[in-house]
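Notes follow once the structure below has been shown.
The values are calculated or read from the model by the stated rules, or taken from the named source; none is laboratory data. Just so it is clear, the model here is predicted, and its values are computed rather than measured. Every residue, glycine among them, receives a Cβ derived from its backbone with ideal geometry; neighbour counts consider all protein chains shown.
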Amino acid sequence: MDAIVTEPSFHAYVVMALVLLALLLFASERVPLATSSLLVLVVLSLLFEVFPYRGSGEQVRASDLFLGFGHQALVAVCCLMIAGQALVRTGALEPVGRQLARRWSQNPKLTFLFTLVLGAILSAFVNNTPVVILLLPILISVSLKTGTPASDLLMPIGLATSIGGMATSIGTSTNLLVVAVAADLGMRRLGMFDFAVPALIAGSAGILYLWLIAPKLLPPREARLPTTSPRLFTAQLRIDEDSISHEKHLSELIERCEGNLEVVHIVRGQNKNKLVAIPDMVLRDGDRIIVRSTPDRLKELETLLGASLFSGDEPVDDEHPLQDATQQIAEVVVVPGSTLDGRTLANIRFRERYHLMVLAMFRSNKGTIKQGTEHTEETRLHSGDVLLVQGSIKNINRLKSSRNLLVLDAKSALPISSRAPLAILIMLAIILTAAFGLLPIAVSSLCGVLLLLLSGCLKWYDTTRALNASVILIIATSLAMGTAMVETGGAHMIASAYVDLTTGASPTLILSGLLALMALLTNVVSNNAAAVIGTPIAIIIAQQLGQPPEPFVLAVLFGANMSFATPMAYQTNLLVMTAGNYRFNDFVRAGLPLILLLWLLLTFLLPWLYGM
């Protein structure tokens, strides 16, 4: 986009009306975000094709609006989402979680502060969604063990990751868009850490607020269980002569475990002979019972049977967690006309027939989906039921040829932690090459994705899982709306109206008003849309005031990131709301004071640091 000043035209008024409609659609939950974005993009393209418009002597065509799909900011956003998926796929962040869990028992108050700071730092370089997903189960577990209300912990950590994302040009997709659009409009390109100072000062105050004050503003809420389904791991329960299971029949062990002992087979002797698990088998010293269950259940079985829990040849502990690189999670649906319709899991011998374990069931009920529906072996399947299953990659691939079940998604494999160090090194290389100006972030992240694929840290299906259609469409549509507003003079008209409205006010107050307006807008509509629309307006305001554009552009950037006061403002807010059982007003209670605090600090910091 080039900064073009032109008199408002019929097209400008139509574009501004369409932008207003888009913001209303983005704020509504009735229409999916991807659908709203596509609708706006179609109407924009038809407008300029059916009613031609000439700006600066050249006709603006629909093809000019589609350039957003190839914009370097969108390329960088997509590549960074994929790189973040590699950290999840390899389990690279899991050691961080284990260390935090240990520290909570030593000093909960300081560890909470450390967790807030760590979440913010990680989110400055990695998409904050996997960071929140990593930390939520840890904080819920801490809440259960210490009796601390989960509501005191979960929302502060979610908001802390949003604060951390403000610090660098790659912290959020919003930052990438503002930096790229401002550069397209002629402003100098902001480097990765060019606005880290105001973000660090304001963010530090925000973190202290979340540590000391926010928990006191939140009413106690009973947290829901983690929304992620339990994963099953194959492990060994080793019997020795001192074990209470020594010289016992297998049936006695199953009875002792109240029937919750799922034995795959038994390994005996130095030759590792695999024996079929029959009830009257007597267990001997050195026998290894191969079982499959959740981590918590496996530790419980270890205690009940007096056995030693091993994963491969390593005892299971904090340093050697359970692993199973051959396992994969998949979603499968019972298709209409399936022979499984109306039959129970036990009746069809699902586990033996498909060699897959059912972790959870998703059942449609009057147009809604009830996730994690309770299921047992006697649960009757119905057409349309979605089963979350786990098994070997080979068995899931075999399921694709079944006429009874349709594999919807087989992309969520268990972490392969052996590749975690390599994934971290590649992510660091992406960040450092961009930070030192060796390569643009779009190029360095693209190279990083290639290295992740070639090294085996990612598979191609992981890349498609990482990409989000709603994010891609909202970014491309926002770029198209920004282009249309600049080309038709709409952005110039809005900026002039704002300057006229604030006549007599100092540049600092005008900047402060822009910052407040963006903070308000980002809590009710998409932050990416608010940022892309606001950036050209900010530059024109700076031009009309004779001020440097950087502080006004950063007012848009920081304001668009202040998505703290509503649950729908950002996806991590929704994650936290679900896990912590929060209500809408809880976000207003904790988020609004945080917005006011950052707004006041940035109102003074930006003019002071950028020479206004």
Where Leu139 falls short, out of the listed (1) of a type outside the set (Phe, Trp, Tyr); (2) at pLDDT 80 or above; (3) surrounded by 24 or more Cβ atoms within 10 Å (Cβ to Cβ): (2)
Qualifying residue in the range 25-36 (condition: at pLDDT below 80, buried (at least 19 other Cβ atoms within 10 Å of the Cβ) and farther than 19 Å from Ser470 by Cβ): no
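Across the range 517-532, what is the total count of residues that are surrounded by 18 or more Cβ atoms within 10 Å (Cβ to Cβ) and assigned to a helix (DSSP H, G or I)? Reasoning before the result, please.
Narrowing the range 517-532 to residues surrounded by 18 or more Cβ atoms within 10 Å (Cβ to Cβ): 518-519, 521-523, 525-532.
Those still in the list that are assigned to a helix (DSSP H, G or I) too: 518-519, 521-522, 527-532.
Qualifying residue count for the region: 10.
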Residue pairs meeting the criteria (Cβ under 6 Å; at least 6 apart or on separate chains; first within 16 Å of Ile474 (Cβ to Cβ), in the range 33-61; second at pLDDT 85 or above and of a type outside the set (Val, Ile, Thr)): none
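Please verify whether Thr535 is surrounded by fewer than 22 Cβ atoms within 10 Å (Cβ to Cβ), modelled with pLDDT of 80 or more and among the β-branched types (Val, Ile, Thr), treating the condition exactly as stated. Walk me through it before giving the result.
Numbers: surrounded by fewer than 22 Cβ atoms within 10 Å (Cβ to Cβ): no; modelled with pLDDT of 80 or more: yes; among the β-branched types (Val, Ile, Thr): yes.
Considered against the rule, which asks whether it is surrounded by fewer than 22 Cβ atoms within 10 Å (Cβ to Cβ), modelled with pLDDT of 80 or more and among the β-branched types (Val, Ile, Thr), Thr535 comes out as no.
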Qualifying residue in the range 596-610 (condition: out of contact with any strand residue (DSSP E or B) (no Cβ under 7 Å at 6 or more places or on another chain), more than 28 Å from Ala22 (Cα to Cα), among the hydroxyl-bearing types (Ser, Thr, Tyr) and outside any helix (DSSP H, G or I)): yes
Scan of the range 138-159 for residues that are closer than 30 Å to His71 by Cβ and touching a Gly at 6+ places or on another chain (Cβ under 8 Å), ordered by number: Leu159
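Table: residues versus (1) more than 21 Å from the chain's Cα centre (by Cα); (2) within 13 Å of Met155 (Cα to Cα); (3) free of Cβ contacts under 8 Å to residues at least 60 places away in the same chain.
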{"position": "Asn528", "(1), (2), (3)": "no, no, no"}
{"position": "Thr535", "(1), (2), (3)": "yes, no, no"}
{"position": "Leu545", "(1), (2), (3)": "yes, no, yes"}
{"position": "Pro549", "(1), (2), (3)": "yes, no, no"}
{"position": "Val553", "(1), (2), (3)": "yes, no, no"}
{"position": "Asn561", "(1), (2), (3)": "no, no, no"}
{"position": "Thr566", "(1), (2), (3)": "no, yes, yes"}
{"position": "Asn585", "(1), (2), (3)": "yes, yes, yes"}
{"position": "Gly591", "(1), (2), (3)": "no, yes, no"}
Scope the range 576-612; condition surrounded by fewer than 19 Cβ atoms within 10 Å (Cβ to Cβ) and of a type in the set (A, V, I, L, M); matching residues: Val588, Leu592, Leu596, Leu597, Leu600, Leu601, Leu609, Met612
When residues of the range 64-92 are limited to those that are among the polar types (S, T, N, Q) and surrounded by 22 or more Cβ atoms within 10 Å (Cβ to Cβ), the one farthest from Leu473 (Cα to Cα): Thr90
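Residues are listed down the side, and each one gets a yes or a no for (1) outside any loop (DSSP other than H, G, I, E, B); (2) modelled with pLDDT of 75 or more; (3) within 25 Å of Ala235 (Cβ to Cβ):
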residue	(1), (2), (3)
Asp318	no, no, yes
Ala325	no, no, yes
Pro336	no, no, no
Ser364	yes, no, no
